[in-house]
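Heads up: the structure comes next, in structure tokens.
The values are calculated or read from the model by the stated rules, or taken from the named source; none is laboratory data. Since this is a predicted model, take the numbers as computed values, not measurements. Here the Cβ is made from the backbone with ideal geometry for all residues, glycine too, and neighbour counts use every protein chain on show. SASA here: full protein model, heavy atoms, side chains in, ligands and nucleic acids out. Shrake-Rupley method; radii C 1.70, N 1.55, O 1.52, S 1.80 Å.
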2 protein chains.
Amino acid sequence: MSDSCQNCAHFKDSEWAVLGGCNAKGLDCARRSRHFLPGEPVYHEGDEPSGIYCVSSGLIGIRKVDAEGDSMLLRLVRPGQTFGYRSALTGAPHGVSAEALKDVRVCHIPAATVRKALAEEPGLLMAFFRHLADDMAAAEVKVMETVSASCRVRFLRLLMALGGGEDAGLLELPVSRQDIASLIGVRSETMSRVIRGIEDEGLAHFSGRRVEIPDPHRLAEESAGALAA
Amino acid sequence: MSDSCQNCAHFKDSEWAVLGGCNAKGLDCARRSRHFLPGEPVYHEGDEPSGIYCVSSGLIGIRKVDAEGDSMLLRLVRPGQTFGYRSALTGAPHGVSAEALKDVRVCHIPAATVRKALAEEPGLLMAFFRHLADDMAAAEVKVMETVSASCRVRFLRLLMALGGGEDAGLLELPVSRQDIASLIGVRSETMSRVIRGIEDEGLAHFSGRRVEIPDPHRLAEESAGALAA
DNA sequence: GGCCCGTATTGATGCAGATCAATTTCAAGG
DNA sequence: CCTTGAAATTGATCTGCATCAATACGGGCC
């Protein structure tokens, strides 16, 4: 009872919030909570969609591999966010893969339930449309940054994004450095050098996955102006 | 009369096809055909959305500029395709700008009409969702390619994409070489050198915007395998 | 403690593509 | 025809990041 969608801490920020009480109940009945270990795949590129996933805890990575076999981490999915909805709604096979990056608990809402909810609450599709529009905007920014910004600047911007609204100059990298590197599209060796450079300048202090940022304002300046010395 | 949406050559392939006859009539009444000269902007990044655009003839370029001021051509919109629908549907300001790349004729469907059509035909939103999902998939591929493939390979792939279903080894570049360069994220000087290289190998022959491809099959092979000599 | 294995770091070197600077080509207009 | 300006090409050089190859670190486990 306490373990229901409406009691979920993230419910009100999710797409499901547009559902009225009784439809939300349908969600509860149909959903199944599943657990994944770090590295375990939730679905692969090319798989047929089976429904929509919702992260309750942990972290999901959305990954894509190209023809030559090397993969890239496209984005992260945090607790409270949905993923896999694109294919679930269009019916097309997944164009990307999803995998657990930590111990993860996700809820799976089967396609049939999704279809029913869509039919009964038209606002739901619009909620997912907005989500997709946001993802698309982020993808466009990513394309721009990848071609125009140096990997140093891209990493600084990632740090700011990870910092979120936190004013405290202390944050934790959610994933390994290899994955961070993959996220900004560079080799892990380069990642090391970039981190070392930032460390040497005193812009930030890294120990393991802990990052301390003495002067967030300075970091913001440097990540904005690509030309800053 | 003959100049109506239903008579439009592209109608059946567009999102509007899901509309029944009477709703399509509403489209006809409300839409306004507009003309743009090459280089003229349709809307800018940050503008408030005013409706959905539909290309009848010519070519539209979707562009984005970053903080440092340099811009990139993200994608092309061809006759029969819609653009600007993302902001029109979410209400958020445009995240990209749209400009005419040739003499262009577009139809503009005002936001109010769009809202009405959405309310009367639920399938319409799904049609746009599919469109956005396709754009998103393309953006993901673009990110991957930009980080992993050489500019030569990216250009060859663009050539294949522009060739479309054409088996004939003859195609026309839709835009200037600067814009082609901007489309794959390289400088125009590099573009020249890449084209020269391809020319020298006899993979394709360029004169102005005309491109002749003696052996499309060979081009396909080279664009697939990044490692091909 | 010592061993082992995966992650992270560091160094040396190479190359793709950017950058700067000159031409050359070409289309439009007088 | 000549002029003009934008687009395209070419050359010389520079640099950021990849690549290849070692080495160091760190944490689980015997």
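For the stretch A:193-229, the set of residues classified as among the polar types (S, T, N, Q) and open to solvent by 70 Å² or more (accessible area, probe 1.4 Å) is empty.
Does B:His35 satisfy the condition of being open to solvent by 50 Å² or more (accessible area, probe 1.4 Å) and modelled with pLDDT under 95?
The answer is yes for B:His35.
Within the stretch B:142-150, at least one residue is within 21 Å of B:Ile60 (Cα to Cα) and either more than 12 Å from DNA strand D (Cβ to nearest atom) or not in a helix (DSSP H, G or I) (or both).
Could you tell me whether B:Thr113 is open to solvent by 20 Å² or more (accessible area, probe 1.4 Å) and under 29 Å from B:Pro38 (Cβ atoms)? Considered against the rule, which asks whether it is open to solvent by 20 Å² or more (accessible area, probe 1.4 Å) and under 29 Å from B:Pro38 (Cβ atoms), B:Thr113 comes out as yes.
None of B:Arg187, B:Arg157, B:Arg193 is over 30 Å from B:Trp16 (Cα atoms) and away from every other protein chain (no Cβ under 14 Å) except B:Arg193.
Matching residues to (1) touching a Lys or Arg at 6+ places or on another chain (Cβ under 8 Å); (2) more than 9 Å from every other protein chain (Cβ to nearest Cβ):
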residue	(1), (2)
A:Gly91	no, yes
A:His108	yes, yes
A:Leu118	no, no
A:Glu121	no, yes
A:Ala133	yes, no
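Might you let me know whether the stretch A:155-167 holds any residue that is part of a helix (DSSP H, G or I), touching a helix residue (DSSP H, G or I) at 6+ places or on another chain (Cβ under 6 Å) and either acidic (Asp, Glu) or within 14 Å of DNA strand C (Cβ to nearest atom) (or both)? Yes: the stretch A:155-167 contains one or more residues that are part of a helix (DSSP H, G or I), touching a helix residue (DSSP H, G or I) at 6+ places or on another chain (Cβ under 6 Å) and either acidic (Asp, Glu) or within 14 Å of DNA strand C (Cβ to nearest atom) (or both). Scanning the stretch B:96-104 for any residue that is facing another protein chain (nearest Cβ under 10 Å) and either under 28 Å from A:Thr146 (Cβ atoms) or open to solvent by less than 10 Å² (accessible area, probe 1.4 Å) (or both) turns up at least one such residue.
In the stretch B:46-63, the count of residues that are over 24 Å from A:Lys142 (Cβ atoms), within 20 Å of the chain's Cα centre (by Cα), within 14 Å of another protein chain (Cβ to nearest Cβ) and open to solvent by less than 30 Å² (accessible area, probe 1.4 Å) is one or more. Looking across A:Val175, A:Val143, A:Val77, one residue alone is at pLDDT 95 or above, open to solvent by less than 30 Å² (accessible area, probe 1.4 Å) and away from chain B (no Cβ under 13 Å). It is A:Val77. Any chance the stretch A:208-218 includes a residue that's of a type in the set (A, V, I, L, M), within 14 Å of DNA strand D (Cβ to nearest atom) and modelled with pLDDT of 90 or more? Scanning the stretch A:208-218, I find no residue that is of a type in the set (A, V, I, L, M), within 14 Å of DNA strand D (Cβ to nearest atom) and modelled with pLDDT of 90 or more, so the answer is no.
Restricting the stretch A:168-203 to residues that are away from DNA strand C (no atom under 12 Å from the Cβ) and acidic (Asp, Glu) leaves a set whose member that is farthest from the chain's Cα centre (by Cα) is A:Glu201.
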